[in-house]
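J.: My questions all concern the structure below.
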Amino acid sequence: MTKSPDVQELIVVTGASSGIGAATAQEMARRGYHVLAGVRREQDARDIQGPNIEPVLIDITHPDDIAALAQRIDTDPPGRALRAVVNNAGIGTNAPVEVFDLDAWRKLFEVNYFGHIAVTQKLLPALLRSKGRVINISSVGGRIAMATYGPYAGAKFALEALSDSLRRELAPSGVDVVVIEPGAVQTKISGRAIAVANNVAAAMTPEQTERYGALIHAVTAQAAAADKTGAKASVAANVVVRAITSRRPRTRYGVGREAALLGLMSLLPDKVIDWLLTAVLRRYLPKAGAEEAKPLS
Ligand SMILES: NC(=O)c1ccc[n+]([C@@H]2O[C@H](COP(=O)([O-])OP(=O)(O)OC[C@H]3O[C@@H](n4cnc5c(N)ncnc54)[C@H](OP(=O)(O)O)[C@@H]3O)[C@@H](O)[C@H]2O)c1
């Protein structure tokens, strides 16, 4: 079901400077919604601005930014309804549990988990008024935690649980809560995550490099390869749009073939999943004789 462009309602998309968020903002605007597109820099605001797209400066770890966004919605001059909040902002990394700095781990959770809670809490009064929708962008990493995905998948698993709980709490109020689980999508996140992983690898002790160097090499090589074959951001955005506009949305939507495969895989016994993931990763391990822990540049 597509809304008529003359019936404008508000949509919030966090992390709209690039990737899935930018594509979602553009597609919803094209369909006639008024999109409040969350970005963190003035330059990104200028870049995303366009017909039906109003940039808002918001870092989801900054309570003042979130309060200003809530105020913007509550005092919307035409008094438009808030149709959906797309909790999309996110950061990635690959790091073994033993070596990932706890402060960095907390920062990742501040963005990928607590930030979404803060935005949702603050915008919930408006969503309750309009019987709007919460769309949480999770990941296949919210279903399966591959080696080195402890920090990222930990936050995504938490977001999945939060979404289930919230959906059950809000069902009587008519507010739907929908989870999107993309597999690989061609955006900036993969390159950014690989850069963090390389820094993590560079800071490891010789013993840690012995334990995890080849593993980090393999997962970053796998992520780089998946990024090349991943879905376009517009494909993911179309799934988000469906979640916002369907009369009866599903509770979860996958994006791409990888999401379907990993979703099925998550139903297998743990030991079988371990074996399969190890087998898939093997082809990305450094070749014998090569510099074992050399990170990707
Ligand atoms: N691409 C994939 O393969 C994939 C797969 C599964 C799930 N996802 C999920 O999809 C979502 C979007 O990611 P993407 O792939 O489109 O990556 P992306 O292009 O890197 O976009 C991430 C967005 O999040 C923003 N962001 C980061 N920290 C923020 C903060 N503290 N406050 C507000 N915004 C912040 C970034 O803004 P700046 O430019 O200012 O940093 C950027 O706009 C994420 O939740 C990600 O986990 C992606």
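The values are calculated or read from the model by the stated rules, or taken from the named source; none is laboratory data. Predicted model only: the values in this text are computed from it and were never measured. Cβ atoms come from the backbone with ideal geometry, glycine included; neighbour counts cover every protein chain shown. Each accessible area value is taken on the protein alone, full model and side chains, heavy atoms only, with ligands, DNA and RNA left out. Shrake-Rupley method; radii C 1.70, N 1.55, O 1.52, S 1.80 Å.
J.: Consider residue 219 carefully, then state whether it is more than 16 Å from the chain's Cα centre (by Cα), of a type in the set (A, V, I, L, M), closer than 20 Å to residue 101 by Cβ and open to solvent by less than 20 Å² (accessible area, probe 1.4 Å).
T.: Criteria met by residue 219.
J.: Additional query: Across segment 255-285, what is the number of residues that are modelled with pLDDT of 95 or more and touching a strand residue (DSSP E or B) at 6+ places or on another chain (Cβ under 9 Å)?
T.: Qualifying residue count, segment 255-285: 1.
J.: For segment 183-204, enumerate the residues that are open to solvent by less than 30 Å² (accessible area, probe 1.4 Å) and more than 8 Å from the ligand (Cβ to nearest atom).
T.: Hits for segment 183-204 are 193, 194, 197, 198, 200, 201, 204.
J.: Please specify each residue of segment 128-149 satisfying the condition of being within 15 Å of the ligand (Cβ to nearest atom) and either open to solvent by 20 Å² or more (accessible area, probe 1.4 Å) or of a type in the set (A, V, I, L, M, F, W, C) (or both).
T.: Residues satisfying the conditions are 134, 135, 137, 140, 143, 144, 145, 146, 149.
J.: I'd like to check which strands (runs of 3 or more DSSP E) are fully inside segment 1-114 and have at least 2 residues that are open to solvent by 70 Å² or more (accessible area, probe 1.4 Å).
T.: The strands (runs of 3 or more DSSP E) meeting that bar number zero.
J.: Looking at 115, 154, 142, 132, which is the one that is more than 26 Å from residue 65 (Cα to Cα) and not charged (D, E, K, R)?
T.: Result of the check over 115, 154, 142, 132: 142.
J.: Find the residue count for segment 29-43, including only residues that are touching a helix residue (DSSP H, G or I) at 6+ places or on another chain (Cβ under 6 Å) and either over 15 Å from residue 134 (Cα atoms) or within 12 Å of the ligand (Cβ to nearest atom) (or both).
T.: 2
J.: Of the conditions (1) in contact with a Gly (Cβ under 7 Å, 6 or more places away or on another chain); (2) buried (at least 21 other Cβ atoms within 10 Å of the Cβ); (3) not in a loop (DSSP other than H, G, I, E, B), residue 160 fails just one. Which one is it?
T.: Only one criterion in (1) in contact with a Gly (Cβ under 7 Å, 6 or more places away or on another chain); (2) buried (at least 21 other Cβ atoms within 10 Å of the Cβ); (3) not in a loop (DSSP other than H, G, I, E, B) is unmet by residue 160, namely (2).
J.: Select from segment 250-268 the residues that are part of a helix (DSSP H, G or I) and more than 18 Å from the chain's Cα centre (by Cα) and list them in ascending order.
T.: Listed by number, the residues that qualify are 261, 264, 265.
J.: Here is a follow-up. Hey, can you tell me all the residues within segment 228-237 that are under 15 Å from residue 257 (Cβ atoms), under 15 Å from the mean Cα position of the chain (by Cα) and assigned to a helix (DSSP H, G or I)?
T.: 235, 236
J.: All but one of (1) within 16 Å of the ligand (Cβ to nearest atom); (2) surrounded by fewer than 20 Cβ atoms within 10 Å (Cβ to Cβ) hold for residue 207; which doesn't?
T.: Of the numbered conditions (1) within 16 Å of the ligand (Cβ to nearest atom); (2) surrounded by fewer than 20 Cβ atoms within 10 Å (Cβ to Cβ), the odd one out for residue 207 is (1).
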